1. Within the set of pairs 6 or more residues apart or between chains, which connect a residue that is more than 21 Å from B:Gly86 (Cβ to Cβ) inside the stretch B:48-61 to a residue that is open to solvent by 40 Å² or more (accessible area, probe 1.4 Å) and within 8 Å of the ligand (Cβ to nearest atom) with Cβ atoms less than 7 Å apart?
2. Could you tell me whether any residue of the stretch B:144-153 is within 15 Å of the ligand (Cβ to nearest atom), closer than 23 Å to B:Gly39 by Cα and open to solvent by 10 Å² or more (accessible area, probe 1.4 Å)?
3. Only residues that are more than 13 Å from the ligand (Cβ to nearest atom) and exposed (fewer than 15 other Cβ atoms within 10 Å of the Cβ): list them for the stretch B:73-85, please.
4. For residues that are of a type in the set (A, V, I, L, M, F, W, C) and assigned to a loop (DSSP other than H, G, I, E, B), scanning just the stretch B:28-50, find the one that is farthest from the ligand (Cβ to nearest atom).
5. What's the number of the condition B:Arg15 fails, among (1) within 16 Å of the ligand (Cβ to nearest atom); (2) over 18 Å from B:Ala72 (Cβ atoms)?
6. Going through B:Arg119, B:Arg140 one at a time, which residue ends up being touching a Lys or Arg at 6+ places or on another chain (Cβ under 6 Å), open to solvent by 20 Å² or more (accessible area, probe 1.4 Å), at negative phi and within 16 Å of the ligand (Cβ to nearest atom)?
7. Regarding B:Ala66, is this residue among the aliphatic types (A, V, I, L, M), touching a strand residue (DSSP E or B) at 6+ places or on another chain (Cβ under 9 Å) and free of Cβ contacts under 8 Å to residues at least 24 places away in the same chain?
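The values are calculated or read from the model by the stated rules, or taken from the named source; none is laboratory data. No experiment lies behind these values; they were computed from the predicted model shown. Methodologically, a virtual Cβ is constructed for each residue, glycine included, from the backbone with ideal geometry; neighbour enumeration extends over all protein chains shown. We work out accessible area using only protein heavy atoms, side chains counted, and drop any ligands, DNA or RNA first. Shrake-Rupley method; radii C 1.70, N 1.55, O 1.52, S 1.80 Å.
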Amino acid sequence: MTQGNLLRQILEYGNRPNPYPLYAELRKTPVLNEGDGAYVVSTYWEILSLLHDPRVSSDPHNLAVPGGPGFDPNDESSLPPSFIRLDPPEHDRLRRMTNTSFGPPHKARRIHEMRGELDEIVSGLIDGIGSTDRIDLVEQFSYPFPVTVICRLLGVPREDESRFHTWADTLAASLDPMPGEDPTERNKIAQKARTELGMYLAGLIEERRKNPQDDMLSELANLKGPDGSMTTMELLSTSALLLIAGHETTVNLITNGMLTLLRNPDVLQRLRDDPKLAVPIVEELLRFEPPVQLVPNRTTLADIEIGGVTIPKGASLWLVVAAGNRDPQRFKEPERFDPDREDIEHLGFGSGIHSCFGAPLARLEAQIALSELARRLVNPRLLEDPPEYRQNAVLRGPRHLPITCDEIRP
Amino acid sequence: MSVDGYLDRLKRDGRIVVVGASLAGLRGAETLRDGGFAGTLTMIGDEPYEPYDRPPLSKGVLLGKATADHTALPRRRALDAEWRLGVPASGLDMAAKRVRLADGDEVEYDRLLIATGVRARPWPHEREAALDGVFVLRTRDDATALQKRLADGPRRVFVIGAGFTGSEIASACREREIEVTVAERGAAPLVGALGGVVGEVAAQMQRENGVDLRTGVMVTGLEGDSAGRVRAAHLSDGSSVETDVVVVSLGATRNTEWLAGSGLGAGPRGIACDAGCRAFDIRGIVTDDIFVAGDVARSPHPLFNYQFLSLEHWGNAVTQAETAAHNMLCESVDRRPHMWIPAFWSSQFGVNIKSVGVPSMGTEIIVTQGSLSEHRFAAVYGFQDRVIGAVTFDDARWLPFYQQLIESTAPFPPQFPTVDRRPEGARPVSADFPDPSVPTHGPTVTLSGYSPADRRITFTPGRH
Ligand SMILES: Cc1cc2nc3c(=O)[nH]c(=O)nc-3n(C[C@H](O)[C@H](O)[C@H](O)COP(=O)(O)OP(=O)(O)OC[C@H]3O[C@@H](n4cnc5c(N)ncnc54)[C@H](O)[C@@H]3O)c2cc1C
């Protein structure tokens, strides 16, 4: 196997169920020049250091060869970039403003206070499973759960929730890089979804400006603080970001989580006996099977020397966080799923200024989901292993997870 | 008898004594147990409390958000130690390997860990210091007493010294909507630790938050009323400020008096030790059974010209204690140096301040990200054309990068653009530290290796 095509192999669908041997291969060259201006970084310390390096930009305008997934600088119709694709100070301003209605120090308890509602949604979904012969955990549980949650958090009316599935699906798919493939067609479809979603949200924002409710959209729309207010366009791209990011990722965290637990029945049993174990289990999952496997959208503003390689200015960086998470230089027995691990500073949520905004929510959702599934499903078993995966190599997770169980406990 | 045999016996049934039962003492003891030490462990502490955490004392506790008795340090593991709390160690017999206690008892050791830290430097005039309403802030009891007084709603609090602790106290007062005056001998708050450029930002923050900040002045005296309560502070510019609470925040003195005459290399600057935390005796010979860690220690750092650094940093206390404990239980080839990069945090006026390296060694500073005027920035300090320190205000996520620059002695000024480089960061300016020959108080990092700085320790403002 030549190294030059390792990245391609990782993106190849056939390797989706188990990309980890390829990641191990990748780590042999911590900083790998893929030849077309792309540099793939796969070891823990190198990734961590680049995530904290102010010479690494998230703004696609800084790429020597513009392009990349989901980005078309000439498309005037598209929303302005959300803060995930911006650098400071614009990034900081938007993220900070968004945080005023989400997390500490302003809304320290917003997520905490959703606990009751999250419990209810989870119970409702499990109650509604029906036949236990063949449960598709994705369709029946891990997909609807976070979508419902993010819609409620933002303030999307329940009757509109289903329309989001379609938009979010399309947009998440567009984040999937396919080197070599002409991205035009996919970008066009994604752009259309973005525009539709944007128009819908614009209407909703308008309505929330007039009649504020107790939801994030109302707060963001009416925000006036030291950073000023968000323009409507900024608000649109921010809420679109929250919807998409708060969505596919958590679906995969929960699905990968259940899959891993079913492959490790002793851990599943321990979780059933002690729901508090959900906390370390979810942390270990974020290391072991992170929902975001690689971060493809960074670029260098200067020559950066790292791992014995000089990455030239303007190069496109692929940070393979899932490979870093299993770097034996960093973690003892990295290929073992071990919820008792104490030293677990994983890269599952990234790190640095772009570290996952929704982490507190994602953690709580996954903890509640997994402990409830463990408690209520009696003798659950996988019907297919490995299950069928989604196309996406970045946001990696099963498309379906067929399982069965003896009964569903009340 | 092989050294191997000695270590095995030490681990199995030796006696280890830890003097100073606070952060460094506790983490050291825990590391000893983790490292397989199964013998007798004695923890000696002069405070009556189990180990507790100090940073919250000037933050959450003063705000009334946490009480001082809720700052107990979380335990990493069960210790199985003999606790001698509320009794100071009063002497050390190195030849007999014994620690004397103030209550007359003696404890024998095979290995000793000294972690007695520092204490607040009191107001130098004893009678004025004894006035009701005059406080220092170092211990749980100090914090409880001060917080009670703040809760009574004083008309004004007067803080002497605008180092980190003094600034945090001022911040807590403002958050409680208490009027506060801060008197600082230097040109700005935090100048000793971070220099004048950053000090100016700290000054702005104080003033914007309604602190009556007086810089370039000394407090010449405290005045009491007939009932022995403090009522005013007098300043060197001839002014005076009426106040009913005074907090003396003039830095710290190392707790080494109990070692006087022991033959250990301990003095007002702390206890000198090698990079492996082994204490020196007064002849400059390294001991093999006495280790030191935390605020009381002074150890050479290769990255900073082998200067003996004494750091009053939480993180330093933890890692130094871990290193000391590790080294106490192993052969010389397995020993590790304490090569921690100094790092410090503070939070005041809603801003999170962090630094790495030794900013106070820097002669120049350049803002690399953010902007001073927004009070949100990252800046690096240069010393002899290399990066020696860095500070962030509300921008801490970048700090690991700057730490790497320091560790790799990267050139100063940095030659690269960053994702956020606004015009003011374009060129380095003088970091504007006070002339080291002029004593100032309260620098967080004391570079006590070079003689002019030593006078900081003996300086007592207010003496005239
Ligand atoms: C108000 C306050 C706020 C702070 N905030 C921060 C911050 O934000 N960030 C940061 O990095 N650091 C901060 N620090 C500093 C940090 O708390 C210290 O670096 C840390 O406590 C050092 O630990 P230590 O164990 O070395 O010393 P100490 O915590 O001082 O402990 C030494 C102990 O030994 C005892 N002792 C002394 N002499 C004897 C004796 N003869 N016999 C027995 N016992 C004795 C002392 O009473 C004390 O209990 C703060 C400190 C204070 C006081």
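1. B:Pro55/B:Trp314; B:Ser58/B:Thr165; B:Lys59/B:Ser347
2. Step one: list which residues in the stretch B:144-153 are within 15 Å of the ligand (Cβ to nearest atom), which gives B:144-147, B:150.
With closer than 23 Å to B:Gly39 by Cα added as a condition, the list becomes none.
Checked against the condition, which is being within 15 Å of the ligand (Cβ to nearest atom), closer than 23 Å to B:Gly39 by Cα and open to solvent by 10 Å² or more (accessible area, probe 1.4 Å), the stretch B:144-153 yields no hits at all.
3. Looking only at the stretch B:73-85, we keep the residues that are more than 13 Å from the ligand (Cβ to nearest atom), and these are B:74-82.
Selection gives B:Pro74, B:Arg75, B:Arg76, B:Arg77, B:Ala78, B:Asp80, B:Glu82.
4. First pass over the stretch B:28-50, keeping only residues of a type in the set (A, V, I, L, M, F, W, C): B:29, B:32, B:37-38, B:41, B:43-44.
Now narrow it down to the ones that are assigned to a loop (DSSP other than H, G, I, E, B): B:37-38.
Values: B:Phe37: 19, B:Ala38: 24 Å.
Only one residue tops the list, namely B:Ala38.
5. Of everything listed in (1) within 16 Å of the ligand (Cβ to nearest atom); (2) over 18 Å from B:Ala72 (Cβ atoms), B:Arg15 misses just condition (1).
6. Values: B:Arg140 fails: touching a Lys or Arg at 6+ places or on another chain (Cβ under 6 Å).
Exactly one residue qualifies, and that residue is B:Arg119.
7. Details: among the aliphatic types (A, V, I, L, M): yes; touching a strand residue (DSSP E or B) at 6+ places or on another chain (Cβ under 9 Å): no; free of Cβ contacts under 8 Å to residues at least 24 places away in the same chain: yes.
In short, no.
Every residue, every condition in (1) within 25 Å of B:Ser310 (Cα to Cα); (2) within 14 Å of another protein chain (Cβ to nearest Cβ); (3) open to solvent by 20 Å² or more (accessible area, probe 1.4 Å); (4) modelled with pLDDT of 90 or more, yes or no:
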position	(1), (2), (3), (4)
B:Val358	yes, no, no, yes
B:Gln403	yes, yes, yes, yes
B:Pro411	no, yes, yes, yes
B:Asp435	yes, no, yes, no
B:His441	yes, no, no, no
B:Val445	yes, no, no, no
B:Ser448	yes, no, no, no
